[in-house]
Amino acid sequence: MMVRSASNNVQFKTMSLFPAYDSIRSKSDFAGCHNRLRTVVLAVLFSLSMYSALHAEPAAGQNYVGINIGTVSDWEGNIIFADAMKQARVFASPGTSGGTALPSSSLDVHGWPRVASEVIVWHGLKRDNSGTYVLTFESDAVVTPDFGWATGSFSSVVYDLKTKTTMALLKLTNAADTALLLSFSGGVRNVKLMRPIAPGSATSHEATEDFSRPFLKAIEPFHALRFMDYSSSYGNPQIKWSERVQPDETNSIVRTGYSWIGKGGAWEYVIKLCNQTKKDAWICVPLYANDDFVRQLARLFRDGNAFTGGVGLDMPVKLYVEYGNELWNTAGSFDGNPNHELAIAEHAAGDPYAYQYDGDANDWVWAWRRVGKRGADVSLIFRQEFGDYRMMTQVRPVICWQQGYDGGPGYQALTYVEHGYIPLVAPGKTVGYFFYGGGGSAYYGPEGNSDTLTLENIWGSETMTSSNWEPALKSDVNLCASFGLKRIAYEGGPSLDNVGHSESVKEQAWAHSAMGTAIMEHHDKWSAFGGDMLMYYTLRPNDYQWGFMKTIDDLTLPKYAGVALLANAPRSPIKYGRAPSTVDGNSYDLKNWFANTIWMGTKVTLGHNQWTSYTFNITQPGLYDIGVAYSEGKGSELQLLVDGAELTNAPVNGAGNLIGRVLLSAGLHSVRPKSFGTKLSVTVDAVTLALATASADTLAPSVPTNINGVTESASRISLTWAAATDDVAVTNYIIYRNGTPAGTSSRTSFVDIGLNASTTYSYNIKASDAAGNTSAMSTGFAITTSASSSSNSSSSSSSSSSSSSGASSSGGGGGGAPSDWYIATMLAMLVCGRKRLMRKTAL
């Protein structure tokens, strides 16, 4: 991306943020970069000033960037919580250096010790932890701190007889990479240790603050947060809702029965964090969670509870729901093997879920299909709790698999849902009814086992060259498009796996200016292949393999800066996919069988439930004619699906054409001819997609029905209605408030804002089509706003798009540019690095 400015009048001293980079670039490189630096910084600073408008899903045409936020472990460095005790370890027996956990008989129902104890607050936290902390707890017990290798003091200890609370100040200096252990002479409850607001600060967080200010600042650029590590999504034994983490538990680092991550954090804080920051949330349902667990989880995010103040997830904030995490992965503590065992056990019960619907006896295939089955179950439960109108709009179930493996886990899960699950559970529905999006990860990296990597050649090694990444991108987007799903990535970004080869070079590359350049170029490639949201992995500080930061307070790493720029930048246009044209039947992008292929000459012949798919790139939205020319039809039935939904079907004998017409938006679309008939087949000769010839459309849509609504606040009403029908397609709905147009919507939902408290409004709706034909007015629906200014939605939103904006706050709200000057300067340098890298690649 090139940024130009009308003025070059601003002058400043050039800052060398990347000494390693300076040492290898030429003077001519720097001279050219210096001139661009002045103009680019101005543009980038202007761009960063727009962060206050960022909230959840970005506007159309912009990159959609998320981040995995990491665990609540005391050593990891995310410092998510303002209260350090929320990330502390278990209370232990005195004199054991925190190593021997107290027995449950010595703890109250919330896990607080009723006897003398000690607790490791952190150990091995590679960060400057100096500053003033405020310690409070309910007890008159004597507290003794052990500062480890730090220099510290303990003062102003006060016990309040009235509240039975002890308060003290704890001051740390020289506190980088240290430990802190607190010992208590007797039982204590509700221990809080509020961190300083920044390293070395004499001001601590307020007791009412949930999240640390450095953490809130670090997540500002991102639109979405994934809570996989936070909630301990793999190695998690939870079955019942009562086994989940409670928000008032002492801490979350219980490991008995869990993986190295521990028990994880409470869901309530996910709601609080995403409502406060207006970030979309991505949650992972534990492997063993039963239906009631899933239902209670859905209700919590819908309605909240007493801890969240009776507030669920705000309406503008999206909720991505995934079953498990990498359930295909059998390494380490991942859940691939347990999921396999569950599939075998369920099949042994009589195959009630049709895992063997096609006769496949491979129990690993059943395991992959089980992911589709349980993911669809979870989706149905959330649909029951949230209602149809919030599914795929606010609530977005997703299904994920191994990157670039279109014949493996993802393929088996999706084809199973279409052929095995839907006929049993929801006849007539599509895969898109259950899932919003899917895909593998979006990792790229150098040859991990090479011992010859250098700072010069690492950028051209393996998929660090973005062109080498293309096959994996094609594979995943074709599979997603075949079922009408958005291509999204649960994890991604540079992968510098520590496998014992060239590790010092990888660590240097982590902090090199070219890393930011590589991230931007790969993200552009991601977008060019139709990628939607990319959830980078991970915010975790001090981890060169995956992390985007050195410490949570330092926003200057090029890896972080590259993503910060992407989050507020235009999305690169889609370049993948065929233009509208006629395609030879044998030139498919994906097929759904991998053995016993039937061929007739040079053409492809489809047997029962077999299909081919063809991915098209539509740049001009409108009505399109889609046709399949076939021959050698032997009593089969041919189905024509577009984006996973049936457009038309007909019995076929001999040769002929199956034709349909459909309204297509700009972007990638899949055309999929599919044969079904237990002993029949049909040969596909060609697939054609062409802009429809203009014809007179004079038929108006039907009248919208079943208008319903919810009063969300004194100034906000959410409406839903049943879809209208049309001979071609309904394109829009016009919403009337008290007889006057209030807005339009392309969906069967609308949020009306700016209303008066305690006022009754009457709504009517008309439907329109692409030709401008408009239905008659619907019957009216009256609803009254609440009297109170409080609501379940704390954001402002436009009536048509539910977008919001607001000023940044010191608490880290939804906006504000992170480290404006440093990031602006850095991003300007990345532009220079990008030009240099492109020149090196050309060589």
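The values are calculated or read from the model by the stated rules, or taken from the named source; none is laboratory data. Predicted model only: the values in this text are computed from it and were never measured. Note: ideal-geometry Cβ built from the backbone for every residue, glycine included; neighbour counts use all protein chains shown. Remember, those area values only see protein heavy atoms, side chains included, never the ligands or the DNA or RNA. Shrake-Rupley method; radii C 1.70, N 1.55, O 1.52, S 1.80 Å.
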*Within the range 261-351, helices (runs of 4 or more DSSP H) holding 3 or more residues that are over 15 Å from TRP241 (Cβ atoms) and in contact (Cβ under 8 Å) with a residue 60 or more places away in the chain*: 267-277
*Can you pull out the residues in the range 155-175 that are open to solvent by less than 70 Å² (accessible area, probe 1.4 Å), farther than 16 Å from ARG195 by Cβ and not hydroxyl-bearing (Ser, Thr, Tyr)?*
ASP160
*asked:* I'd like the residue in the range 747-769 that is farther than 30 Å from LEU623 by Cα and assigned to a loop (DSSP other than H, G, I, E, B) and, out of all such residues, is most open to solvent (accessible area, probe 1.4 Å).
replied: ASN756
*Quick one: in the range 90-132, which of the residues that are among the polar types (S, T, N, Q) and surrounded by 15 or more Cβ atoms within 10 Å (Cβ to Cβ) is farthest from GLY77 (Cα to Cα)?*
SER106
*State all residues of the range 478-509 that are touching a helix residue (DSSP H, G or I) at 6+ places or on another chain (Cβ under 9 Å), open to solvent by 10 Å² or more (accessible area, probe 1.4 Å) and either part of a helix (DSSP H, G or I) or modelled with pLDDT under 95 (or both); if no residue qualifies, say none.*
ASP497, ASN498, VAL505, GLN508
_Go through the range 290-302 and report how many residues are within 24 Å of TRP328 (Cβ to Cβ) and either out of contact with any strand residue (DSSP E or B) (no Cβ under 9 Å at 6 or more places or on another chain) or buried (at least 23 other Cβ atoms within 10 Å of the Cβ) (or both)._
3
*Only one of these conditions is not met by GLY432: (1) open to solvent by 10 Å² or more (accessible area, probe 1.4 Å); (2) at pLDDT below 95. Which number is it?*
(2)
*Unique residue being under 30 Å from ALA771 (Cβ atoms), within 33 Å of the chain's Cα centre (by Cα) and crowded, with 16+ Cβ neighbours inside 10 Å when the list is GLY660, GLY667*: GLY667
*Please work out which residue is nearest to ARG195 (Cα to Cα), limiting yourself to the range 131-150 and to residues that are aliphatic (A, V, I, L, M) and more than 40 Å from the chain's Cα centre (by Cα).*
VAL143
*Subset of the range 577-603 (residues that are out of contact with any helix residue (DSSP H, G or I) (no Cβ under 6 Å at 6 or more places or on another chain), hydrophobic (A, V, I, L, M, F, W, C), buried (at least 16 other Cβ atoms within 10 Å of the Cβ) and modelled with pLDDT of 85 or more)*: VAL583
*Which one is farthest from THR415 (Cα to Cα) among residues in the range 330-387 that are among the β-branched types (Val, Ile, Thr) and open to solvent by 50 Å² or more (accessible area, probe 1.4 Å)?*
THR330
*Restricting the search to the range 171-198, which residues are at pLDDT 95 or above and not in a strand (DSSP E or B)?*
SER185, GLY186, GLY187, VAL188, ARG195, ILE197, ALA198
_Given the criterion at pLDDT below 90 and open to solvent by 30 Å² or more (accessible area, probe 1.4 Å), identify the matching residue among GLY739, GLY772, GLY677._
GLY772
_Count - residues of the range 412-429 that are of a type in the set (Phe, Trp, Tyr) and either modelled with pLDDT under 95 or closer than 11 Å to VAL371 by Cα (or both)_ = 1
*State yes or no: is SER231 within 30 Å of TYR288 (Cβ to Cβ), open to solvent by less than 60 Å² (accessible area, probe 1.4 Å) and among the hydroxyl-bearing types (Ser, Thr, Tyr)?*
yes
*Out of (1) out of contact with any Lys or Arg (no Cβ under 9 Å at 6 or more places or on another chain); (2) closer than 20 Å to ASP553 by Cα; (3) open to solvent by 10 Å² or more (accessible area, probe 1.4 Å), what's the single condition that is false for ASP210?*
(1)
*Out of curiosity, is THR178 open to solvent by less than 10 Å² (accessible area, probe 1.4 Å), within 23 Å of ILE69 (Cα to Cα) and β-branched (Val, Ile, Thr)?*
yes
*In the range 454-477, is there at least one residue being closer than 25 Å to VAL285 by Cβ and assigned to a loop (DSSP other than H, G, I, E, B)?*
no
_Search result, residues across the range 681-736 that are closer than 30 Å to THR605 by Cβ, at pLDDT 90 or above and hydroxyl-bearing (Ser, Thr, Tyr)_ = THR688
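Could you pull out the residue among THR744, THR705 that is touching a residue at least 60 places away in the same chain (Cβ under 8 Å), surrounded by fewer than 18 Cβ atoms within 10 Å (Cβ to Cβ) and more than 30 Å from HIS419 (Cα to Cα)?
Numbers: THR744 fails: touching a residue at least 60 places away in the same chain (Cβ under 8 Å).
Only one candidate passes the filter, namely THR705.
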*asked:* For the structure I just gave you, tell me whether ALA723 is aliphatic (A, V, I, L, M), open to solvent by 40 Å² or more (accessible area, probe 1.4 Å) and in contact with a Pro (Cβ under 9 Å, 6 or more places away or on another chain).
replied: yes
